[in-house]
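One structure is given below, represented as structure tokens, and several questions about it will come after.
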């Protein structure tokens, strides 16, 4: 059975090329001693429960978590790990003990163990040599759960580990009947499986990349993070592995290193609608095509009526009218039940809605595509509310030039400020801070423990970001007021997603984006003096100039990050090169060189070196350095690419860093400190990349 669990194909029947063994997919789960919904600031930094401590421990354990969060895979992993211990593991499913029989579990174990252990199995149970793993336990089903408690009480020296799914329905069921989970599980040490986060996503992507299956892992990570977190998609091992598996099987989705979201959602929805039999024991009454089409029809109804949800009465009336208009006979309630099973439609408190906004938008775009209404799209919907729809549509059609032109017009309507005074204000902001603060570097070589602490701080920051995303409320479309900000990001993303646009149009659109990013930066800086004055009132020791310097660096870095995330598309590489030669203002060149570095297009090294040599703006150079060092640590790259990045980092530091000492030791101090910094940076990369290969992999 160990070999079976270790090497068999794990729950991935989507496509034969995607099938993975447990060795491929297992990652150390996020196990905590509190439920995911109960986490707050006091427990965010709690240390995970290590799997090894559970395997080595003497207690009975219960793993509780949502559907598809990896409970079965975890149990199989534990089973395999026990093969190298003195304990004898047995794994069973809860349905095997849903009977009323005296000493039932003893009989089940004895039946499994007789073939290999013979009559010794009875003695081993009595001596407490058994580890019993039970999957899919319903802890509120007292009649059969009692079988487990009886076994624990009669054979207390054995170890029992169970898994149980917790849903909103099970919580309501327990509440209505006054059932207390803590009391039911008093024989167990209860642990909870939490959703995966960025760290687990990085580990999983890294494994596929190092196996040579995927490229451009940094772009994959950013795109998937945005999709998962912005849409509150379930961050489970199944969803992660499906996303990556789909990318692996269809490289068209990774066109030029950028994920085509429309194609990704297309394949993903196929799985959830049952086109591929990925979930066992799911009975479906309606075929895939019917459900797919009806989701398109529903999405069109929602968007056309500016709704995020409808009540049951309105839904039934809509289906009845649809039946009459099309001369068909769909059972509204059965259809609803089927769509609920797909997890793409939810039904709570008599309200029916798409579970995730991205699928509402996707099915609407699919509807307008099949009905030839793409040319009406831009007339029918307000940009500020539905920019995701426009972006998805742009990624679906081959030539999205009309969409780009309309988005440019929308941005022009929002940008009513002349660029010249904006650039003048930006130059004044930077000039006023020119003499404040030099780049500081530590001249001490750090040991592995110190660097590991730095790497852990990256993970801590990522977990804080995850919690922030989790706590954001779902936003109604009518609540959005995007203005300049939304129009800029929309045009940027449409440009990145569009495959074929004439070069003149493309260059003009990028130029509008760059100008808009300048205006956004200037607007972000407008309240700086007021904000600093407020801080000064509360704390008179605040150094106003130092605080302003640090805040301007932060705001510059934010705008740089926005541009990279929304505008860095490989289809824009040539246009970026040409535009870099045409514009003559430093902030615009800084944004373009940041895009060039991200894309690593032809000549990026030489162009970056030219920018470093010509730029005298210390803050822009520091932001470029922060970005370069961050991507150097986190990005997987060839040895040649490492050398290039290190060379650019060193060139930046040599220009920015000036040691405080003077005299004969000045040059030595500078060289020594820079070399030490570069060595620390290289070691940080090695340790960070090493953590991506962690995760308790099977041997």
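The values are calculated or read from the model by the stated rules, or taken from the named source; none is laboratory data. Predicted model, so just to flag it, every value in this text is computed and none were measured. Please note: Cβ atoms are built from the backbone with ideal geometry, for glycine as well, and neighbour counts cover all protein chains shown.
From the list 510, 520, 532, exactly one residue is in contact with a helix residue (DSSP H, G or I) (Cβ under 8 Å, 6 or more places away or on another chain) and either farther than 22 Å from residue 388 by Cα or outside any helix (DSSP H, G or I) (or both). Which is it? I'd like the intermediate steps shown before the answer.
Working: 510 fails: either farther than 22 Å from residue 388 by Cα or outside any helix (DSSP H, G or I) (or both); 520 fails: either farther than 22 Å from residue 388 by Cα or outside any helix (DSSP H, G or I) (or both).
None of the other options fit; the residue is 532.
Given the conditions (1) in a helix (DSSP H, G or I); (2) modelled with pLDDT under 80; (3) surrounded by 20 or more Cβ atoms within 10 Å (Cβ to Cβ), report the number of the one that residue 259 does not fulfil.
Residue 259 satisfies every listed condition except (1).
Checking residue 72 against (1) under 22 Å from residue 165 (Cβ atoms); (2) in contact with a helix residue (DSSP H, G or I) (Cβ under 9 Å, 6 or more places away or on another chain), which single condition isn't satisfied?
Tallying (1) under 22 Å from residue 165 (Cβ atoms); (2) in contact with a helix residue (DSSP H, G or I) (Cβ under 9 Å, 6 or more places away or on another chain), residue 72 fails exactly one: (2).
Looking at the stretch 600-621 only, could you name the residues that are without any contact (Cβ under 8 Å) to a residue 40 or more places away in the chain and either crowded, with 18+ Cβ neighbours inside 10 Å or not in a helix (DSSP H, G or I) (or both)?
601, 602, 603, 604, 607, 611, 615, 616, 621
Going by the conditions given, is residue 152 in contact with a strand residue (DSSP E or B) (Cβ under 9 Å, 6 or more places away or on another chain), within 20 Å of residue 184 (Cα to Cα) and in the same structural domain as residue 37 (by TED's automatic domain parsing)? So that I can check it myself, show each step before the final result.
On the way: in contact with a strand residue (DSSP E or B) (Cβ under 9 Å, 6 or more places away or on another chain): yes; within 20 Å of residue 184 (Cα to Cα): yes; in the same structural domain as residue 37 (by TED's automatic domain parsing): yes.
Judged against the criteria, residue 152 is a match.
I've got another one for you. Report, by residue number, each residue of the stretch 627-656 that is touching a strand residue (DSSP E or B) at 6+ places or on another chain (Cβ under 8 Å) and crowded, with 19+ Cβ neighbours inside 10 Å. So that I can check it myself, show each step before the final result.
Residues of the stretch 627-656 touching a strand residue (DSSP E or B) at 6+ places or on another chain (Cβ under 8 Å): 653, 656.
653 - this is the single residue of the stretch 627-656 that is touching a strand residue (DSSP E or B) at 6+ places or on another chain (Cβ under 8 Å) and crowded, with 19+ Cβ neighbours inside 10 Å.
Kindly indicate whether any position in the stretch 219-234 is within 20 Å of residue 74 (Cβ to Cβ) and either surrounded by fewer than 20 Cβ atoms within 10 Å (Cβ to Cβ) or modelled with pLDDT of 80 or more (or both). Explain how you work it out, then say what you get.
Residues of the stretch 219-234 within 20 Å of residue 74 (Cβ to Cβ): 234.
Narrowing further to those that are either surrounded by fewer than 20 Cβ atoms within 10 Å (Cβ to Cβ) or modelled with pLDDT of 80 or more (or both): 234.
For the stretch 219-234, residues within 20 Å of residue 74 (Cβ to Cβ) and either surrounded by fewer than 20 Cβ atoms within 10 Å (Cβ to Cβ) or modelled with pLDDT of 80 or more (or both): present.
Is the stretch 266-275 home to any residue that is more than 21 Å from the chain's Cα centre (by Cα) and modelled with pLDDT of 80 or more?
Quick first cut of the stretch 266-275, residues more than 21 Å from the chain's Cα centre (by Cα) only: 273-275.
Within this subset, residues satisfying the condition of being modelled with pLDDT of 80 or more are 273.
Yes, there is a match, as at least one residue in the stretch 266-275 is more than 21 Å from the chain's Cα centre (by Cα) and modelled with pLDDT of 80 or more.
Here's something else I'd like to know. With 572, 597, 624 as the choices, which residue is surrounded by 22 or more Cβ atoms within 10 Å (Cβ to Cβ), assigned to a helix (DSSP H, G or I) and at pLDDT 90 or above?
Numbers: 572 fails: at pLDDT 90 or above; 597 fails: at pLDDT 90 or above.
Answer to the check: 624.
Out of all the residues in the stretch 152-177, which are within 19 Å of residue 54 (Cβ to Cβ) and either part of a loop (DSSP other than H, G, I, E, B) or without any contact (Cβ under 8 Å) to a residue 60 or more places away in the chain (or both)?
Those that are within 19 Å of residue 54 (Cβ to Cβ) and either part of a loop (DSSP other than H, G, I, E, B) or without any contact (Cβ under 8 Å) to a residue 60 or more places away in the chain (or both): 156, 157, 158, 166.
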